[in-house]
Structure formats: C-alpha cells, structure tokens
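Since the structure comes first, as structure tokens, the remarks are kept for the end.
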Amino acid sequence: MQFVKADELKPGMRLAKPIYNRTGVLLYERNTALTVQGISSIQNFGLIGIFVLEPAEPVPPLTEEELEFEQFQTVYMFQLRDNMDQLQKNQVPSTLSALADDIQSRYGGLDHKLRFTQNLRSSSDYVYKHSISAAILSAMIANAMHISGTEQLALITAALLYDFGYLYVPQALLDKGEELNTQEQGLIQMNLERGYELIRPRFEECELPRAALTLIQQIVFRKNTSLRIKAPSAQIRLLTDILLTADRFDRLTAMNLNQTPVSEMAAMAYLKERSDTHPTNVVTALAECIHILPTGACVDLSDGEKALVLEENSADFTRPMVLKFSNNKVYDLSDPSVGR
C-alpha cells in the first residue's frame, strides 16, 4: 500500500481504503480500479491524496468495525467542520451537542480494544480530523478509567473545540509543523486564545457542559506566562491530562503531509517517558483501549531480527507472542526468560 497525491493518480490504480461522502455513503469500495471520471471525482471531493494497492497486492482484511470506524471518521469530520464554520460566522453551532452525544454512545462504552486507524491530513483539514480523533480517544480513555458519563461528555465536547483557534492561524505557518520559532509560537498562542474568546459566549447559549469550557481554558492558557488562571480541581486536572494525552498520541501517529508519523509503539514509549505531563495511569488506560501491536503486525526485535505478532498480550503490549522469520520459531515474550 502506498500514498499517491490526488494530482498524480492514474487510471487502473486500485483503492486500498474505501471513500465515503460527507453523510457516510460509500462512494468507492476498496479494490476499485480508478477511472478518469473517478480520479476527477476524487480531486473535486477535496482529497489531497489516497492510498492505493501495489499492482499484485491483495486487499488487506478489515473487520466490519474497522470499516465503520473509517466511515464515522469521515461523517464526524464534516459535521465538526459545519459547526466550526457556524462559530466563525458568529452563529450557533447547531449539531455540536448531537455530535458529542454520538461519539460518546459509540466509543464511550466499548468493552473491547479498537484498532485506531489514522486518516490522512493536510493543514487545511487537520484541525477537524485531529479534534475528532482526540474526542474518540478521550472517550475511550475516560471509559477505561470509569469516569462518569457527565464528565465524559464534557471531555468529548472540550476535545471537539479546544483547537478551534487554529482555524485562524495562517496556513503557511501550519505547514511548518512543530519546528517554530518563539515569534511563531506566540502567534499560534494568540489565535488559540482568540478562539477561546469566540466560543466562550456560546457555551451558555447552547447549553454545552460548563466543565468543557474549564477544560478548554486549562489547555489553551497553560502556556500563557503573563496570565495566571485558577488552579483546577483534581478531577479537572485528570480530564485535562486525558485530553492532552489523546492529543499527543494522535499528533504523533497521524498521517500528515508535513510530518512523518511514528508507530503506535513509538508513540506509547514517548508518552511513558513523560509521566509528568502524561500520567502513567492515563497512558495505561490508553493502552487498554486500542491495539498497539495487533495480531499480524510486523515488528523489529531487539536482536535485530524481524517477527510477526501471533497473539497480543493484554497485560503488557510490549511482550506479545511472535513468530521469528529467520528460524520460523514461535516465542512467547511474556515468559520472562524468553523476553530477556
């Protein structure tokens, strides 16, 4: 599977992922061979590119849940964009509460791990896609930590809106990624605070959770050295930690045109090394929600060899059962002697 930019697509290329419209209707199935008309439709749809299969590559297996997840990511993204457009026009975000409710109902009570597949982003749609991913991850983490439904809904609402101010950041600056100088960081901070001030009056008007506004305030103003905000309660602090952990995991693993993503394994290692900003209990809860090393994943072992994951280890995702390619032997890394 490889990524091809929209203007480089050619007839005969086969889709590796399905394409849905804004309401979730399937436009193109996986394995569909592109035509001239199909390429034109994809370019008109605003996609920056798609993933295509190699000429002899079979269609990778996907469960019904995984296909639904990609479908809902698309639907949610368009819904959030519509609501943010309304906020920018100083209008009431008409379906924001319904969007938060739907995310909570679908992902706030899962009793099993989810394969969190990432979507491709550019600076023009990054805010919408990132906010949706952060909201879904936050809902799952909160569920794993047995946080009440009321607080979970506030957390999801905050995740949908905390990056609203990025819509006012010049696109050229967004394209630079995270390699920013002090002046550029200050400009982004100013726009994040501008976004907060724009959405603040809407919370009471739309009957959005007040705790969500407090969460957004904690995140937006945490880097403002000239303004001291009120110290949060222990519970708000926990919800803030959950959202910041979801935020960082998604930013690290997202398929972004301006930044090469890292693996889920590398992202978890990054979070674990920064327990001061990403508490261990929150990172552990994240690991309980999503597949880090799913069955079928190819991994590099510490001895330089490659192996295939045969079975996940729910107790410690770093120690699954693997098949080593070089000798065709199975190793259970949960066994301490084998793991060493």
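Coordinate-derived values only; no laboratory data. Quantities reported herein were computed from a predicted structural model and do not represent experimental measurements. Virtual Cβ from ideal backbone geometry, glycine too; neighbours counted across all protein chains shown.
Go through region 233-280 and name the trypsin sites (Lys or Arg not before Pro) that are in a DSSP coil and have 10 or fewer other Cβ atoms within 10 Å of their Cβ.
none
Short version: what are the Cα gyration tensor semi-axes of the chain, square root of 5 times each eigenvalue, largest first, in whole Å?
Each semi-axis is √(5λ); the values are 33, 27, 19 Å.
Taking R0 as 30 Å, what FRET efficiency do you get between residue 98 and residue 40 from their Cβ-Cβ distance, rounded to the nearest 0.05?
So the FRET efficiency works out to roughly 0.35.
Computed on alpha carbon atoms, what radius of gyration and Dmax characterise region 119-218, expressed in Å?
14.6, 41
I need the chymotrypsin sites (Phe, Trp or Tyr not before Pro) found in region 265-340, filtered to DSSP loop residues with at most 16 other beta carbons within 10 Å of theirs.
Here the sparse-neighbourhood loop sites are 325.
How much length is gained if the chain between residue 223 and residue 117 is pulled fully straight, taking 0.36 nm per residue apart and subtracting their Cα-Cα distance, in nm to one decimal?
Taking 0.36 nm per residue and subtracting the Cα distance, the gain is 35.1 nm.
Can you give me the Cα centroid spacing of region 166-232 and region 247-322 in angstrom?
29 Å
Using 1/(1 + (r/R0)^6) with R0 = 51 angstrom and r between the beta carbons of residue 233 and residue 5, what's the FRET efficiency to the nearest 0.05?
Rounded to the nearest 0.05, the efficiency is 0.60.
Calculate the spin-label point distance for residue 328 paired with residue 204, positioning each point 7 Å from the Cα along the beta-carbon direction, and give it in nanometres.
A separation of 7.3 nm, rounded to one decimal place.
When we measure straight from the Cα of residue 306, which lysines land under 29 angstrom away, once same-chain ones fewer than 8 places off are left out?
By straight Cα distance, residue 306 reaches 17, 113, 272, 324, 329.
When the Kirkwood radius is taken over all Cα pairs of region 244-306, what Stokes-Einstein diffusion coefficient follows at 20 °C and 1.002 mPa s, in µm²/s?
It comes out at roughly 168 µm²/s.
Are there any trypsin sites (Lys or Arg not before Pro) in region 63-144 that are in a DSSP loop and have at most 13 other Cβ atoms within 10 Å? List them by number. Intermediate results must be reported in sequence, preceding the final value.
Numbers: sites: 81, 89, 106, 113, 115, 121, 129; in loops: 89, 113, 115.
Sites meeting the loop and neighbour criteria: 89, 115.
Could you work out the relative contact order of the chain, using alpha carbon pairs under 8 angstrom and six or more residues apart, expressed as a whole percent? Could the numbers behind the result be given before it?
Values: 476 pairs, mean separation 43.3, N = 340.
So the answer I get is 13 percent.
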